[in-house]
Every structure is written in structure tokens, then in C-alpha cells.
1. Of a type in the set (Gly, Ala, Ser) and under 24 Å from ASP287 (Cα atoms): is that true of GLY158 in this structure?
2. State whether the residues of segment 71-78 include one that is within 21 Å of VAL336 (Cβ to Cβ) and touching a residue at least 12 places away in the same chain (Cβ under 8 Å).
3. Search segment 203-226 for residues that are farther than 18 Å from ASN243 by Cα and pair each with any residue that is in a loop (DSSP other than H, G, I, E, B) and open to solvent by 50 Å² or more (accessible area, probe 1.4 Å) when their beta-carbon atoms are under 7 Å apart and the residues are at least 6 apart or on different chains.
4. Quick one: in segment 150-185, which of the residues that are touching a Phe, Trp or Tyr at 6+ places or on another chain (Cβ under 6 Å) and polar (S, T, N, Q) is farthest from VAL82 (Cα to Cα)?
5. Being at pLDDT 95 or above and more than 19 Å from GLY163 (Cα to Cα), is that true of even one residue in segment 257-268?
6. Name the residue that is farthest from VAL99 (Cα to Cα), counting only residues in segment 309-335 that are of a type in the set (Gly, Ala, Ser) and touching a strand residue (DSSP E or B) at 6+ places or on another chain (Cβ under 6 Å).
7. Give all pairs with beta carbons closer than 9 Å in which a residue from segment 267-291 that is in contact (Cβ under 8 Å) with a residue 12 or more places away in the chain and more than 18 Å from LEU193 (Cβ to Cβ) meets a residue that is in a helix (DSSP H, G or I) and among the acidic types (Asp, Glu); count only pairs at least 6 apart in sequence or on separate chains.
Amino acid sequence: MRAHRLRRVCLSVQHRQYRGTFGAVTPPIALSKALWSCDCLENKFKVTSNMAAGCPSALPTLLFFVPLLLWLVDPTLGYKPVIMVHGLFDSSASFKQLVEFINESHPGTNISVIDLFDHKASLQPLWKQVMGFREAIYPIMQNAGSEGVHLLCYSQGGLICRGLLETIPDHNVDTFISLSSPQMGQYGDTDYLRYLFPTYVKSNLYRFCYTQYGQTYSICNFWNDPHHHDMYINVSDFLAPINSERPEPNITEWRQNFLRLRKLVLIGGPSDGVITPWESSHFAFFDENETVVEMQKQQVYETDTFGLRTLDKRGGISIYSIPGVVHTMWHSNKTVYEECIEKWLT
């Protein structure tokens, strides 16, 4: 079966080369001369496999050369699919530049930019959005199989993606890139807040957000007022549950699901201007004096409520702080892509 698969890959390359889509890659004639032909390649694989069965010392050579041959006929075979989820008041169109960056550095990558809950629809409750994105994303995960996928999620989308990670028991996410996302919540007077709630400031928004009606707005689902922490714990429909900050029936299962993740990449910076505190993108947050407390001293980390400390201790978290990037430019800044994202999309 593997020999047939290798032959199919070879034939596929020749077909695509014939259509002129491979640019400067070695033409199929040269490849044929090197390998004699796709049929010859298939036969060589069979012979080599038989040699390995009869001579165990040949196995290391086989294990080295077969992946090399596969890479020669199609170098893009190793790239995992990338799934993108946008943020508040945003849409799939905002990822246009980022898609171009990926296509330049990782040509042939299967990129899915999910077009759901765009613009004002992004204010709908986060659990509703999680369920909607799950319906769209789960088939992509299944199609990837054991190869797995990468999640690249921006701003509010990073919280949606964490909801996906914790509630899909058989997800195959390899790397979750959280791009300027308020992972520990939001508490600040920003333009977004003034636009949405012109009669409120951060100090009194809890009166609206911590109500049953307030929780029908996505931003209230992760509003984390450090001066009214008990109200947040009791009322928050989304952030407090996925942080396992209060008893929930699914805590153990959600933690196990989260820890299926291999790598968590946290990206943010002091010039963001929207995420407040900006360190929330690194799982840090305000205490009652509005002093930022780092991730390692957060209760959710110290008690390992949803697996954050476990992931960190096994070397599964990388944190990037990039100055000079405002919130709306994270997904179009090439320096951010090259320094913080590119290396993880293999």
C-alpha cells in the first residue's frame, strides 16, 4: 500500500508540473531520470521493503530515504493545515495579509479562514460562537487525521479557540497560536468599550455585564472586573467556566481535552491599546489594586485548574512580547509573523 501511495504522489506531481504550477521546481523529466519513473520508484520501494524484511540492518536506510523521496516529489507534504478564527467586529477578510505571508513561507499549506459571526454578529454569546465554529472546524480536523492541524486565533477568536480545545474530546490540534487574545479577560476603558457602552466606564460596567442580559454579549462573557471578582466568578458564562474558576461538571474532561494540545504560543505587546491589561494575552491579569500579576502567580496556574501549569512544565508554552504593534495590526505585521508565527506552522 505504501508503494502505491508513493507512486500516486509521484504521478500527482507530474500532473501538476504539466499544468505549470510548480514554477522553478525540478521538471518531471529530470525527476524521472533521477528515479527512472514512477513505476520504477514503486518497484524500488517494494524491493527495498523486501530487503528490510529479510535484512534488519537495511531498515534504518529505508526509514531515511523514503521520507526523503516523498519530500523530493512534494516538499509541501509536511505542512499541517492551518485554521484561522477572527476577533470582535472582524471577519475572515482581515486575514488576507497573513494568508499571503503563509503562502510565501509555506507554499501549499491548506489554510481555512472560517467566515462566521462577522462584524456585529461577533457580539453573540461566546458559547454560541464556539458551537458554530466547531461545526465548521471539526470536519477539517477529521480530514487531517493523525497529521493534526494548527489553530491561529486572533483577539476574541483566541477565547473561542480555547473553548474549542476544551470541549472537543478528540481534537487533533498540534499548535494553538493565540494572537493578542484576552485569555484572562478584559478590564479597561477602550474605544471598543466606549462604542458599545457609551454610558459606562470600566468601573461600573459590571452592573451591566454581570447580569443575565449582559451575558448575552460576547464582551461581557470575558469581562473580568478585579474589584468585583466574586460577581465575575458567579455570573460569567464563559471565561470563568473555561478557566475552571468555579465548580463545573465537565472540569476533568475539559482539562484532559486541553492537554491534548502540544504547543501553546502566546503573542501580545505593550502597544496593543485594546487588550487591557495587554498582559492578559500572556495569561497575566490585574489584582484588586490593578497591579498586573504574571501567569505563574495566577490562581488558575498555581492550582492547574484547566492544565495551564502542566502544559508549561512540559515545555509546551512559548510567550512573545512585541512592542510597537497596535491591536488591529497583529495579523498584518510581517515582523510578528516572522518572529512569532512562521516557525510553528510546520
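1. Considered against the rule, which asks whether it is of a type in the set (Gly, Ala, Ser) and under 24 Å from ASP287 (Cα atoms), GLY158 comes out as yes.
2. Within segment 71-78, none of the residues are within 21 Å of VAL336 (Cβ to Cβ) and touching a residue at least 12 places away in the same chain (Cβ under 8 Å).
3. Pairs that qualify, where the first residue is farther than 18 Å from ASN243 by Cα and the partner is in a loop (DSSP other than H, G, I, E, B) and open to solvent by 50 Å² or more (accessible area, probe 1.4 Å), are PHE208/TYR200.
4. Taking the candidates together, the pick is GLN183.
5. For segment 257-268, residues at pLDDT 95 or above and more than 19 Å from GLY163 (Cα to Cα): present.
6. Checked segment 309-335; the qualifying residue farthest from VAL99 (Cα to Cα) is GLY316.
7. Note: pairs meeting the criteria are GLY268/GLU279; PRO270/GLU279.
The values are calculated or read from the model by the stated rules, or taken from the named source; none is laboratory data. Owing to the predicted nature of the structure, the values given are computational and were not obtained by experimental measurement. Positions of Cβ are backbone-derived with ideal geometry, glycine not excepted, and every protein chain shown enters the neighbour counts. In case anyone asks, the SASA skips ligands and DNA or RNA and just uses the protein heavy atoms, side chains included. Shrake-Rupley method; radii C 1.70, N 1.55, O 1.52, S 1.80 Å.
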